[in-house]
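K.L.:
Attaching a single structure in C-alpha cells format; questions to follow.
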Amino acid sequence: MPYSDPAKADLHRYLQEARDALLWKLEGLSEYDVRRPLTPTGTNLLGLVKHAAGVELGYLGDTFGRPSGEPLPWLAEGAEVNADMWADADETRAGIVGLYRRAWAHADATVEALPLDTTGTVPWWPADRAGLTLHHAVVRVIADTSRHAGHADILRERLDGATGERPGATSLPSDDPAWWAAYRDRLERAAREAAGNGTTDGPGTRAAP
C-alpha cells in the first residue's frame, strides 16, 4: 500500500519485506515439512505464520479499536497454551496463509487511516501500561515479524539448505557446497582452538578472570 507519509512508507517497506520473507519459507515444502517441529520447543514454519497473523490483527487492529472480525479461537480465553504456534491437521496451509494476507490488509488499512501518534490500548497488557502509539505498535510488529522470519530462515536451511530473504537474494558469498564445507570446518577449528586456549566459556574450559 503506498503511503503519502514518508515515515509510514518506511515502516511499511520493512514490515512487508519481513512478511514476504516469512511466507516464502513455506514455498516448495511438503505439508509435513511446513508443520513438523524442528526444535526442542516445537518451532515450525506454518506455526510462525499463524502466530504472525494474530500479532498483526491484535497490535494493528484490536489495539486501536479496529477489530477485524476474523475468528482466532487459539487466542480466546481458555484456549490451549501455545495454540497459536502450530497448526492442527484440519487447519490448512492455504487457510493460514490466507488469514495472514488478510491480516496484512487490515493492518495496512489501520496505518493508512490513523496518524502515527494515535494512542491505542493493548487489551492483553496490564492496564497500568497498556497504552502505546501506532508508531510504537508498527515498530513492535516489524521487530516480531523480522525475528520470526529469521527463525524461519534457519528452519528452512535445516530442511533443504535453502537460504535468503527472497528469491535470488541470498546475500551469501558463495553457492558452492564445497566452499561452505571448508568454511564451516574453518569455524569449527577456530572455535576449538579458542576453547583450548581458555579464551571462551566453551565446554570443559574456564573463562579467564
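K.L.:
Specify the residue that is surrounded by the most Cβ atoms within 10 Å (Cβ to Cβ); the eligible residues are those in segment 1-28 that are part of a loop (DSSP other than H, G, I, E, B) and more than 18 Å from the chain's Cα centre (by Cα).
P.N.:
Among them, the one singled out is 3.
K.L.:
If you don't mind, another one. How many of the residues in segment 134-161 are buried (at least 16 other Cβ atoms within 10 Å of the Cβ) and either among the acidic types (Asp, Glu) or not in a helix (DSSP H, G or I) (or both)?
P.N.:
2
K.L.:
Also, I was wondering about something else. From the residues in segment 177-209 that are outside any helix (DSSP H, G or I) and surrounded by 10 or more Cβ atoms within 10 Å (Cβ to Cβ), which one is modelled with the lowest pLDDT?
P.N.:
205
K.L.:
Can you find, within segment 138-157, the residue that is farthest from residue 52 (Cα to Cα) among those that are touching a helix residue (DSSP H, G or I) at 6+ places or on another chain (Cβ under 7 Å) and among the small types (Gly, Ala, Ser)?
P.N.:
Among them, the one singled out is 152.
K.L.:
Hey, another quick one. In segment 117-130, which residue that is of a type in the set (A, V, I, L, M, F, W, C) and open to solvent by 40 Å² or more (accessible area, probe 1.4 Å) is nearest to residue 58 (Cα to Cα)?
P.N.:
124
K.L.:
So residue 104 clears everything in (1) open to solvent by 40 Å² or more (accessible area, probe 1.4 Å); (2) modelled with pLDDT of 95 or more; (3) among the aromatic types (Phe, Trp, Tyr) except one condition, right? Which one?
P.N.:
Only one criterion is unmet by residue 104, namely (1).
K.L.:
Please work out which one of (1) open to solvent by less than 70 Å² (accessible area, probe 1.4 Å); (2) touching a residue at least 24 places away in the same chain (Cβ under 8 Å); (3) more than 30 Å from residue 6 (Cα to Cα); (4) not polar (S, T, N, Q) is the condition residue 114 fails and give its number.
P.N.:
(3)
K.L.:
I need a count of the residues in segment 58-111 that are part of a helix (DSSP H, G or I) and closer than 26 Å to residue 33 by Cβ.
P.N.:
Number satisfying all stated conditions: 18.
K.L.:
Now for a separate question. I'm checking my understanding of the structure. Among residues of segment 36-72 that are out of contact with any Pro (no Cβ under 7 Å at 6 or more places or on another chain) and of a type in the set (Asp, Glu), which one is surrounded by the fewest Cβ atoms within 10 Å (Cβ to Cβ)?
P.N.:
70
K.L.:
Another question about this same structure. Given the conditions (1) under 26 Å from residue 136 (Cβ atoms); (2) in contact (Cβ under 8 Å) with a residue 12 or more places away in the chain; (3) open to solvent by less than 50 Å² (accessible area, probe 1.4 Å), which single one is not true for residue 33?
P.N.:
Result: residue 33 passes all but (1).
The values are calculated or read from the model by the stated rules, or taken from the named source; none is laboratory data. Keep in mind that what you see is a predicted model, and the values were worked out from it rather than measured. Neighbour counts run over all protein chains shown; Cβ positions are idealised from the backbone, glycine included. Areas reflect the complete protein model, heavy atoms only, side chains present, ligands, DNA and RNA absent. Shrake-Rupley method; radii C 1.70, N 1.55, O 1.52, S 1.80 Å.
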